[in-house]
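Worksheet: one structure, shown below.
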Number of protein chains: 2
Amino acid sequence: VSAVHVKRLALIGCGLMGGSFALALREKGLVDHISGYSASAATRAKALSLGIIDTACDSVAQAVEGADVVLLAVPVAATPDCLSAMRDALSDDALVMDVGSTKSDVVEAATQALGDRLPCFVPAHPIAGKEVAGIEHAETNLYQDRWLILTPTEATRGDLTQRAQTLWQALGSRVMQLTPQAHDAAFAAVSHLPHLMAFALVQSIAEQAQGDLYLSIAGPGFKDFSRIAASDPKVWRDILLANREQVLLQSQHMRASLDKLEAAMRADDATTLEKLITSASHTRSAWQASNG
Amino acid sequence: VSAVHVKRLALIGCGLMGGSFALALREKGLVDHISGYSASAATRAKALSLGIIDTACDSVAQAVEGADVVLLAVPVAATPDCLSAMRDALSDDALVMDVGSTKSDVVEAATQALGDRLPCFVPAHPIAGKEVAGIEHAETNLYQDRWLILTPTEATRGDLTQRAQTLWQALGSRVMQLTPQAHDAAFAAVSHLPHLMAFALVQSIAEQAQGDLYLSIAGPGFKDFSRIAASDPKVWRDILLANREQVLLQSQHMRASLDKLEAAMRADDATTLEKLITSASHTRSAWQASNG
């Protein structure tokens, strides 16, 4: 049995993310047994009937018992309680990972909840997802060719970080290691702040007397720019609160750039304005060439 | 000959927008003769060889002579000079339209340049375009099923506004009439400000020491949100300056919404934050249902 092979996977949270991880492991023949827990009995039954889990458990502790890998894939708000509930049932060498999109808050919760078991926790963030939630939308190749960020803490066991990396790479992910703080700053910049800006723009238009008229003639530029404003309000409420400090910091950076652009407009300074736009345009075009 | 039939079209500016208008009229059998002017002799020759214009003219005045419809489709900066150059050559009942994406500035330029011929000018803005410029990319159905905004001034002849509307409708456009001010406010809100925000975000990331790292893990949300940041710098420099007042006003509205969102984050006020996001999310989802 290689280091990448999972004898017993405990899936805490049987949804899109967890279900896709389980399916991918199965498809590659990398797992012997999967026990699953979800708060909802109906969800557990669905996971069982879809063949994604082998055993449905009605407690977190029962699910993690004997597991060598635990994947925590529950809504952010449920994370602390699930970590506390698994603490005393974890095997000595169990690898515990989450899939949350903010990391400093998860590390803080894990530090509180896991105590001296903290070294087994390797915080993980797969940059993958779908517009639809639920285990019925789980798919084998959700993580294929996508980034997977690991943010080990100072307490994290090196061998478990290594195992986490090997596992995700076996599923086709590109793995990068960052500190929790660097991770949160990066996603504040390229994901959380853009969401906040899209919410702000759409809300400011909707509040104006002529807002409906304005929206009625909006074109493809508005469509793409504002797509993320339609995101799930509860999910984004939680992300923005969890990563508040970094998002507010990135917003200050953005406002400083906006101030410069507007100052050039007010001064009718075409040269400076063109220079600023050109810098943004080149950056975005270069990004497209590498990542589009 | 019906009111919609064009005996002689003068195309001032042989590019993507003008060329597509000419092609659409030809395809529908709605034009007898097209004379074309472009500042570049090579562009005039190309328009001629592509069969889009019948006669290449080396001055604006020559092109508009005898024309019953004039379409001005040059870069914004060239608009005042072209209007001045056509003034004394225009036929009595000629309909003159432009295709610019800002309207108050064009009306001001036309008031200066056309003098007592101002009543023939019907400012027009087709909400259509492509990522590539140039007459070689012109296409017959560019304006089909797209909005066309007319912004007649108080001086504009009603019969010419009516003729403009009939013409664009014959090409398949949905025509709406707005005042130049309402037009500019609407596009500041749904187009110009989103561009400014996308420029500001991308620039603020690029300026940070870790900017390249942040961009390297950016996903589909960033991709869509920031697509318009790759827009042509000279074009957007001109638009932002031409519509400066309305863009700055819309930016104030957006900043007020952003302030509210950030205040809820700072106060850890999950209820208010969720309410604000929900309002934006519902507005954007409803927009998608009607316009997506």
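The values are calculated or read from the model by the stated rules, or taken from the named source; none is laboratory data. Model, not experiment: these values are computed from the prediction. When we count neighbours, we look across all protein chains shown, and the Cβ atoms used for this are built from the backbone with ideal geometry, even at glycine.
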Open item on the list: Among (1) out of contact with any Leu (no Cβ under 6 Å at 6 or more places or on another chain); (2) within 13 Å of chain A (Cβ to nearest Cβ); (3) in contact (Cβ under 8 Å) with a residue 40 or more places away in the chain, there is one condition B:Trp147 misses while meeting the rest; what is its number?
Closed with: (3)
Open item on the list: Whether any residue in region B:35-43 is in contact (Cβ under 8 Å) with a residue 60 or more places away in the chain and in contact with a helix residue (DSSP H, G or I) (Cβ under 6 Å, 6 or more places away or on another chain) is what I want to check.
Closed with: no
Open item on the list: Can you list residue pairs whose Cβ atoms sit under 6 Å apart, with the first residue in region A:182-207 being under 23 Å from B:Ala286 (Cα atoms) and more than 7 Å from chain B (Cβ to nearest Cβ) and the second being polar (S, T, N, Q) and not in a helix (DSSP H, G or I)? Count only pairs 6 or more apart in sequence or on different chains.
Closed with: A:His192/A:Asn243
Open item on the list: Any residue at all in region A:261-273 that's of a type outside the set (Asp, Glu), facing chain B (nearest Cβ under 8 Å) and not in a helix (DSSP H, G or I)?
Closed with: no
Task: Residues satisfying the stated conditions in region A:224-248, i.e. surrounded by fewer than 19 Cβ atoms within 10 Å (Cβ to Cβ) and more than 7 Å from every other protein chain (Cβ to nearest Cβ) - done: A:Asp232, A:Val235, A:Glu245
Open item on the list: What are the pairs with Cβ atoms under 9 angstrom where one residue, in region A:116-138, is among the charged types (D, E, K, R) and the other, located anywhere, is not in a helix (DSSP H, G or I)? Sequence gap at least six, or different chains.
Closed with: A:Arg117/A:Leu90; A:Arg117/A:Ala94; A:Arg117/A:Val96; A:Lys130/A:Glu139; A:Lys130/A:Leu142; A:Glu136/A:Leu50
Task: Number of positions in region A:151-172 that are within 16 Å of the chain's Cα centre (by Cα) and either surrounded by fewer than 21 Cβ atoms within 10 Å (Cβ to Cβ) or β-branched (Val, Ile, Thr) (or both) - done: 1
- [ ] Any residue in region B:56-75 that's modelled with pLDDT of 95 or more: show its pairings with residues that are part of a strand (DSSP E or B) and surrounded by fewer than 18 Cβ atoms within 10 Å (Cβ to Cβ) at Cβ separation under 7 Å, as long as the two are six or more apart or on different chains.
- [x] B:Asp68/B:Lys7
